[in-house]
Structure formats: structure tokens, C-alpha cells
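One structure below.
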Amino acid sequence: MNNFEIYKKMGDDVQTIYRSRLLTEILLSLNEGSRKLSQLREITGSTSQALIPKLRKLEVDHLIETKGREYFLTSAGKIVASGIADSFVTFWTINKFKHFWLRHYLEGIPSPLLKEIGCLYESEVLKDRGMKILNVYNNQLKMLKEADHIYGISSVVTEVYADAISERVKEGVPVELIVPLHVAEELKRSPYLKKIEALKDYENFKLMVMDEDIKVGLIVTDKRLSLNLYKKEGIEYDISTGLFSFDSKAIEWGEMLFWYCKGKADFTKFQ
């Protein structure tokens, strides 16, 4: 049975929740913790007379239960409420940054990470414009200087970026980088070859190569996330626009993207 067939069979139950503001708000509120009726009145702005029939329906559906004077989600209710919350956050994130997504090549982001794109909702898009012609680049360099550890996926390489990485490695900061084959080949030539050679004996530096082309640029540190993508056609890397975040969920998302790519990377290419 595919998703559309499941929707047709469950359509009434699903639509009942999404069409009812109160049912949705009750589930979202209880997803954050137990609530008394008085608290639900305050949160939803509704009367007890309006809330009680909705609460009874959710009890009949075994999505919530009562203990004393408090309402809780059941185990099944937690799954449903979490799914509803995730769907709203995903839609909000897509809508909030719709121009960023529409103008860039999303196929570079692995499917499991696209499904978690809602983790990026507390982010901002920075652009190079006017007098801020290196706004994105300078923010990334600032990230590197302030980091206590650095994970990176590099679709392009510049000498200034390489120097910033080298400096942090020599200061003892743990750095792990993943590059695609075309960047790996560039690193074997001047001026990068000497920089790579100088870092070979540093145990806090790991350089890995993926055989497949990576269509993302990522810097994720203990403090911040930076995400760059290729332009919509998937040919030109966009260095002038990036998504940045200090949020812990966004940083965790960046780490998941890094570890996903690390699982496909090869440590032996530079040996």
C-alpha cells in the first residue's frame, strides 16, 4: 500500500485533526508536556465548553489520557503529535526560506537529511550585496576563528580558506574535512600541496575524499552552522549566498550531514 492509498483510507481521521484548530493545538501543547484544563484554556484561548468535547474525542482515539487533573499524550499520541509538529516545522522552514530553496540545487542534500530540513528553521540567509561583497565568506572565516572543533564539506577551495584551516589545526583545534575528487586533485597542486604536507603529522587533522561529487558546502562547529549550495542547475557553486545558524538543532543537522558523507568518504586518498 502506497502513501496515497493510506491517505485515502485514513483521510477522514487525518483531516479531522488538521481541520480542527483546537485538536491540533491540544496535541501540539501536550507534545511539550502535560497540561491542566485551565492551562489548555489559556494556551488555546478557548472555553472549557469548547475544549472538553475535543479532549474526549482524543481520549476515545487513545491519543491522550488523564491522570488526576492533567492531560497527557499516550505513547501513540506522542507519535502522532510529534509527526504533526514536525510537519508544521518543515512547512514553515520551506516557506521561510523559499527563495533560497527555489534558487539552489537541493539534490546535493541526501534524502534522509532533506526529511529533517525543519531543523534549520532557526536560521538566516546571508548574501553578498552592496558594500558587503564578501559577507558570506567573512562570516565563514569568523566561524573558523571562533570554533573549538570544525567539521567541513568543501565543494570549492580558496587559499584564504586553506590558511584559516591550517592556522586552527596548528592551534590544536580538531578539524575534519571532506572534499570531492575535483577538489582533492586541486589540493595536490600549488599552493595547496605544501599546506597539506605541513599538516600531515597533526593528529587533530583529518582529510577525507568522496568519489562522488558533493553538491554542498558545509561548515559546522560547536557554535554555528554554515550551508552553501550549488545554484539551481547544479553546475555553479553559489559562494555569495549561505544559510547560517547558531541554533543547536541546526548544528545537529549539520553534524548529521557531515557524518552521512563521512560514511562514504575515503581516508586513503592522500596517503
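The values are calculated or read from the model by the stated rules, or taken from the named source; none is laboratory data. Source: prediction; values computed, not measured. Note that each Cβ is placed from the backbone with ideal geometry, even for glycine, and that neighbours are counted across all protein chains shown. Ligands, DNA and RNA are excluded from the accessible area calculation, which covers all protein heavy atoms including side chains. Shrake-Rupley method; radii C 1.70, N 1.55, O 1.52, S 1.80 Å.
Can you name the condition, by its number, that Val157 falls short on among (1) open to solvent by less than 20 Å² (accessible area, probe 1.4 Å); (2) in a loop (DSSP other than H, G, I, E, B); (3) in contact with a helix residue (DSSP H, G or I) (Cβ under 6 Å, 6 or more places away or on another chain); (4) not acidic (Asp, Glu)?
Going through (1) open to solvent by less than 20 Å² (accessible area, probe 1.4 Å); (2) in a loop (DSSP other than H, G, I, E, B); (3) in contact with a helix residue (DSSP H, G or I) (Cβ under 6 Å, 6 or more places away or on another chain); (4) not acidic (Asp, Glu) one by one, Val157 breaks only (1).
List, please: which pairs have Cβ atoms under 6 Å, are six or more places apart or on different chains, and start with a residue in segment 27-45 that is in a loop (DSSP other than H, G, I, E, B) and end with one that is hydrophobic (A, V, I, L, M, F, W, C)?
Here the result reads Asn31/Ala81; Asn31/Ala85; Ser34/Phe72, each pair linking segment 27-45 to a residue that is hydrophobic (A, V, I, L, M, F, W, C).
Could you list all residues from segment 54-98 that are more than 16 Å from the chain's Cα centre (by Cα), without any contact (Cβ under 8 Å) to a residue 24 or more places away in the chain and in a helix (DSSP H, G or I)?
Of everything in segment 54-98, those that are more than 16 Å from the chain's Cα centre (by Cα), without any contact (Cβ under 8 Å) to a residue 24 or more places away in the chain and in a helix (DSSP H, G or I) turn out to be Arg56, Glu59, Val60, Ser75, Ala76, Ile79, Gly83.
Taking segment 66-83 on its own, how many of its residues are open to solvent by less than 70 Å² (accessible area, probe 1.4 Å) and in contact with a Leu (Cβ under 8 Å, 6 or more places away or on another chain)?
Residues meeting the conditions: 8.
With Asp222, Asp211 as the choices, which residue is among the acidic types (Asp, Glu) and free of Cβ contacts under 8 Å to residues at least 60 places away in the same chain?
So the residue among Asp222, Asp211 that is among the acidic types (Asp, Glu) and free of Cβ contacts under 8 Å to residues at least 60 places away in the same chain is Asp211.
Just give me the residues in segment 99-112 being more than 17 Å from Trp253 (Cα to Cα) and touching a residue at least 60 places away in the same chain (Cβ under 8 Å), in sequence order.
Residues satisfying the conditions are Phe100, Leu102, Arg103, His104, Tyr105.
What tally of residues in segment 101-145 results from selecting those that are open to solvent by 30 Å² or more (accessible area, probe 1.4 Å) and in a loop (DSSP other than H, G, I, E, B)?
Selection size over segment 101-145: 11.
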